[in-house]
Structures are given as structure tokens and as C-alpha cells.
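J.: First the structure, which I've put down as C-alpha cells, then a few questions once you've had a look.
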Amino acid sequence: MVRCMKKVMTFVALLSLTTIGWAGSNREATVDRLDHAGRVLHEVMSAPDKGIPEEVLEHAKCIAVVPHLLKGGFVFGAENGRGVATCRTENGWSAPSFFTITGGSWGLQIGLEGIDLVLIIQNDRGMQRLIGSKFELGADASAAAGPVGRHASADTDWKLDTEILTYSRARGAFAGLTLTGAAIRRDDDSTEAMYGRDIPTRRILRGEVAVPSEANSFLDAVRDAKRQAVAAN
């Protein structure tokens, strides 16, 4: 009996260590994703002639980034991609929420790897889709390839009914992306890794949750993107 109890206690101890190690590595990966997402925005906006137009950033309700999504071949699908998002609040940008993106048709991009995605949520409808944490681009939420450059052309309808503008960056090239059929869902693992508990996405994106220090680099990049766009004018 004593020997059996010792085995059980040993198993429980090993299980606890494994759980702690998993939680630690998951948090580290989540923080790394935040840092990488911030670098993506900095690098995109460092070339204003090929970045996101000032007008688009001015009207953005939320900004989401999926950094370094790896996929190859002739037909692209965002399999198990993970991203971070923040929305405007009365007190600035919200703490980050985390999501996954799967499936989807990736326009005409062929044979590329190491893709960064940027999604600009333009209006309240798009923001509600993001808060709902379960929608499909092109079906539940209207999406279109976003304009690129210092300014968005006045003769386009990018700011009318489209809820989400989509962009991609691969091998240094940044362009609007036609991405339809991609499913966006809440990333429970990353949410718990960052905040230590399950917090509803609506609370995070509405500014009801304190910004963790690990998210400062990402939010700084979001704020800097607007300043860089204005400075380039």
C-alpha cells in the first residue's frame, strides 16, 4: 500500500511539473507572438509608400496581426495560424485578445512561405464580429483586399460597407490580400496563458481588462503606425 501511494504521489508530482512547464512555454510563445506582431507593424509602416494608408488607419476600429504564418504550395490555407488583436476604446487601445485563423482562399499568391497577415477592422459591425470570436471572412463578415500606399484612393469604396480589410506580407512584399473563407475563432490557450484565467473577448476588446506589460511593445507599434502614416504625409 505504501509503495502504491508513493507511486501515485510521484505521478501527481510529475504531472504537476509537466503542466507548469506547458503553461510556461505557452505563455512564452504568446509573448513572442505579441512582440513579433509589433515588429510586423513597424516594418510595414517603415516604407510608407507601400504601407497601410493614413485614411485606413484613421478609420480603423481594431487592428489584428497574424505574424509569420508558414504555408507553402499553390493553394494557400491558414492552417492553425494564431494572431493578436486590439480595438479602440475611450481610453486608447485595448489589451490584446488572441485568435486562431484556419482555412481560406489566398488570392493568387503562389509558392510563398513566411506570410504575415494584417487585418484592419473598419466599423462597428466588424468589431462585433471580432468580439463574437466566431466568424468567417466573406460569409459572416465582408472582407476585401486593402489599399496600399500613403493615401487610399478617393474613388474606391474601401470605407463604405467592407467590414475588414486584409493584407499580407511575404518576402518583403506588402499588398492587399483577397482572403475569403477563413474562419476566425477565439484562442483559449493563449488567452489563459496571458491573463491566467478565462476572460471573455468582449471584456478584453472593450477595454475592461488591464493591459499586461508584455503587450506594451505590440500596442506601441499600433500607436506608432498612425504617427508614422501622418508623418509621411
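J.: Taking the Cβ of each residue in 199, 184, 101 as the centre, tally the other Cβ atoms inside 10 Å and list the residues starting with the fewest.
T.: 199, 101, 184
J.: How much net charge surrounds residue 218 when only the other residues with a Cβ under 13 Å from the Cβ of residue 218 are counted, with Lys and Arg +1 and Asp and Glu -1?
T.: Here the count lands on -2.
J.: Let me ask something additional. Among residues other than residue 207 whose Cβ falls under 13 Å from its Cβ, what is the net charge (Lys/Arg +1, Asp/Glu -1)?
T.: +3
J.: Listing 162, 180, 86 from the residue with the fewest other Cβ atoms within 10 Å to the one with the most, what is the order?
T.: Listed from fewest to most nearby Cβ atoms, that is 180, 162, 86.
Any read-out appearing in this document is the output of simple, stated calculations on the displayed coordinates, not a laboratory observation. Just so it is clear, the structure is predicted and the values come from calculations on it, not from any experiment. Note that each Cβ is placed from the backbone with ideal geometry, even for glycine, and that neighbours are counted across all protein chains shown.
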